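Please treat every number below as a calculation from the coordinates, not as lab data. Just so it is clear, the model here is predicted, and its values are computed rather than measured. Here the Cβ positions follow ideal geometry from the backbone for every residue, glycine too, while neighbour counts run over all protein chains shown.
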Amino acid sequence: MGKKQQVIEEIFRICLKNNDFTFTNEIVKVVCKKYNFKNPFDVTKLDNTSVFPQILIDNDYFILHLGKGKHRFVKGIHNGYHDFEEIEEENIINWKYMKSILNELDTSESNILSIVSNQRIIHDFLYDDIVANPKVYNARRTKTDLFYKAGEYQINALKQQMEIDLTFEYMGKVTIFEGKNGFPKDFAIYQLFHPFKYYFKIQKESKLDINQITCCYVLRKQQKRDSIIKLYNYTFKDTNDISSIKLLKKAQYNLIKR
């Protein structure tokens, strides 16, 4: 078990003992110091369940952010994490392209999203039209108040900070993007739900003419010669329930250099 998992385990044990599952950044920093974990701000960032300490798996808890330096262990991992769906043969596409100088120069999330945009893969996947011309809004950080359900719990996240990797707007449809390397089994739903809630809130408050808000998760795995890209397009059936995630479409693109 790594230091990060040891820190999470001790914090969870403290919460169990106190029968209070909300904890603060101050507690995180104290426990990090004990285990000599250098990055306390990374402790509560668990992108998928493979990085959970076993104690969370055994007790069926995950972490949600409450904003303003607070976090909470929430019962019911299935309410906060979603398994990536299998992609069937009919949704696998061989995509021939000419590799440019900066393509796959690094493994950053920004590079992943740049590739699928520059190679028009996003356009084919979302719009069935490689010459579609959506408006592009690059990565940004923002804060907002979010109120929603996670299982039986009401989450009140005040001044919740979020990072939005990329946003497209095309013909009244807004799509938020999250990019990751590798093919994990599952993902933290809040990565999509928080930006989704943010745009839904803007839509209501500003009365914007948005007719659909969806989220696109982009995964890349580099091979020796080529890469594999998996895309999943989701929305939420209930804008006040993080567990109401719904798959709209999915596809795999095998990048084949010409």
Once both axes come from the Cα atoms, what is the angle between helix 3-18 and the longest principal axis of the chain, in degrees from 0 to 90, rounded to 10?
50 degrees
Sorting I229, F41, V74 by the position of each Cα along the dipole of the chain (Lys, Arg +1; Asp, Glu -1; all at Cβ), the one nearest the positive end of that ordering is F41
Against the longest principal axis of the chain, how steep is helix 109-118, in degrees 0 to 90 to the nearest 10, with axes from Cα atoms?
20 degrees
Would you please classify the overall shape of the stretch 130-176 from the alpha carbon gyration tensor, given that a ≥ b ≥ c denote the square roots of the eigenvalues, rounded means a/c under 1.5, and beyond that prolate means a/b larger than b/c while oblate covers the rest?
prolate
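Given the Cα-Cα distance of H78 and M98 and 0.36 nm per residue of separation, how much length would full extension add, in nm?
Residue separation times 0.36 nm, minus the Cα-Cα distance, leaves 3.1 nm.
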Rounded to the nearest 10, the angle in degrees between the Cα long axis of helix 25-35 and the longest principal axis of the Cα atoms of the chain comes to 80 degrees
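Per DSSP H run of n ≥ 4, the term is -39500 (n - 2.57); total these for the chain, divide by its residue number, and report the mean residue ellipticity at 222 nm rounded to 500 deg cm²/dmol. Don't jump to the answer; show the numbers that get you there.
Numbers: 6 runs with 67 residues, N = 258.
Mean residue ellipticity at 222 nm (helix-derived): -8000 deg cm²/dmol.
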Please arrange R225, R72 by how many other C-beta atoms lie within 10 Å of their C-beta, fewest to most.
R225, R72
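Write down the percent of antiparallel bridges among all DSSP beta bridges whose residues are both part of the stretch 85-257, to the nearest 5.
On the way: 36 of 52 bridges.
Rounded to the nearest five, the antiparallel share is 70 percent.
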Mean 1/r over all different Cα pairs, inverted: what Kirkwood radius does the stretch 73-155 give, in Å?
16.9 Å
Can you list the aspartates and glutamates whose alpha carbon is less than 13 Å from that of K221, not counting same-chain residues fewer than 8 positions off?
E104, D106, E109
Which of the lysines could a cross-linker span from K33 if the Cα-Cα distance has to be under 22 Å and same-chain partners fewer than 8 positions apart are dropped?
K3, K4, K17, K45, K68, K70
What whole-number volume per residue, in cubic angstrom, does the convex hull of the C-alpha atoms of the stretch 85-257 give?
123 Å³
Give me the distance in nm between label points sitting 7 Å out from Cα along the Cα-to-Cβ direction at D20 and K249, one decimal.
4.9 nm
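Rank these for me by crowding, Y198, Y234, going from fewest to most other beta carbons within 10 Å. Write out the running numbers ahead of the final one.
On the way: Y198 19, Y234 22.
Sorted ascending by nearby Cβ count, the order is Y198, Y234.
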In nm, what is the difference between 0.36 nm times the number of residues separating K257 and K68 and their Cα-Cα distance?
63.4 nm
For a test of the definition: using alpha carbon positions, the gyration tensor, and the 1.5 limit on a/c, classify the stretch 3-79 as rounded, prolate or oblate.
rounded
Compare Q161, Q191, Q212 in a GNM of the chain, Cα atoms joined below 10 Å, and give the one with the largest fluctuation.
Q212
Distance (nanometres) between label positions extended 7 Å along Cα→Cβ at N118 and V136
0.9 nm
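In nm, what is the difference between 0.36 nm times the number of residues separating N240 and D58 and their Cα-Cα distance?
On the way: separation 182, 0.36 × 182 = 65.52 nm, distance 2.75 nm.
Contour length minus Cα-Cα distance gives 62.8 nm.
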Please rank I11, I122, I130, I55, fewest neighbouring Cβ atoms within 10 Å first, as an exposure proxy.
I130, I55, I11, I122
Going through the cross-link list K207/K237; K29/K149; K180/K257; K204/K250, which pairs have a Cα-Cα distance over 24 Å in this structure?
K29/K149; K204/K250
If I take every Cα pair under 8 Å that is 6 or more residues apart in the chain, average their sequence separation and divide by the length, what percent do I get for the relative contact order?
19 percent
